[in-house]
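Here is the structure we will look at.
Laboratory data are not the source of any read-out in this text; all were calculated from the coordinates shown. Every value quoted in this text rests on a predicted model; they were computed, and no experiment measured them. All Cβ positions, glycine included, derive from the backbone under ideal geometry; neighbour counts span all protein chains shown.
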Amino acid sequence: MRLALTILACVAALHAGPALADDECFVPMADWKPREAVAALAAQHAWTVRRIKIDDGCYEIDGTDAQGQRIEVTVHPSTLEIIQIEPRDGADHRHRDEEGRHDDQ
């Protein structure tokens, strides 16, 4: 019985590993840097910020790089470490209504 429980615990721990890696941004809000610090980080890299939002516990910068290419940057909220820079295809991802108008019109 103990062997079965030990094996079950090991299997559960192995499956939890990847899930914990996805939670790298989840820190208490009291430890977060303000949005102004994220904007300053973008300015240091010569990025033009279109929007700063929170996604999966991380800051996410939507903007353009110094060469004018659309990018999405994931930033850790307490350390301001750049976790990922993802190039965007430049396509318009806003929601369109049935008549083809953007939802912000």
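Given a Förster distance of 22 angstrom, what is the FRET efficiency for Arg51 paired with Ile85, based on the Cβ-Cβ distance and rounded to 0.05?
Efficiency, rounded to the nearest 0.05: 0.90.
Rounded to the nearest whole Hz, the Karplus-based 3J(HN,Hα) values (6.51 cos²θ - 1.76 cosθ + 1.60, θ = phi - 60°) of the stretch 36-41 follow the sequence 4, 5, 5, 4, 5, 4, with x at glycine and proline. Residue by residue, the stretch 77-82 carries 3J(HN,Hα) couplings of x, 9, 9, 6, 5, 7 Hz when phi is fed to the Karplus relation 6.51 cos²θ - 1.76 cosθ + 1.60 (θ = phi - 60°); x denotes Gly or Pro.
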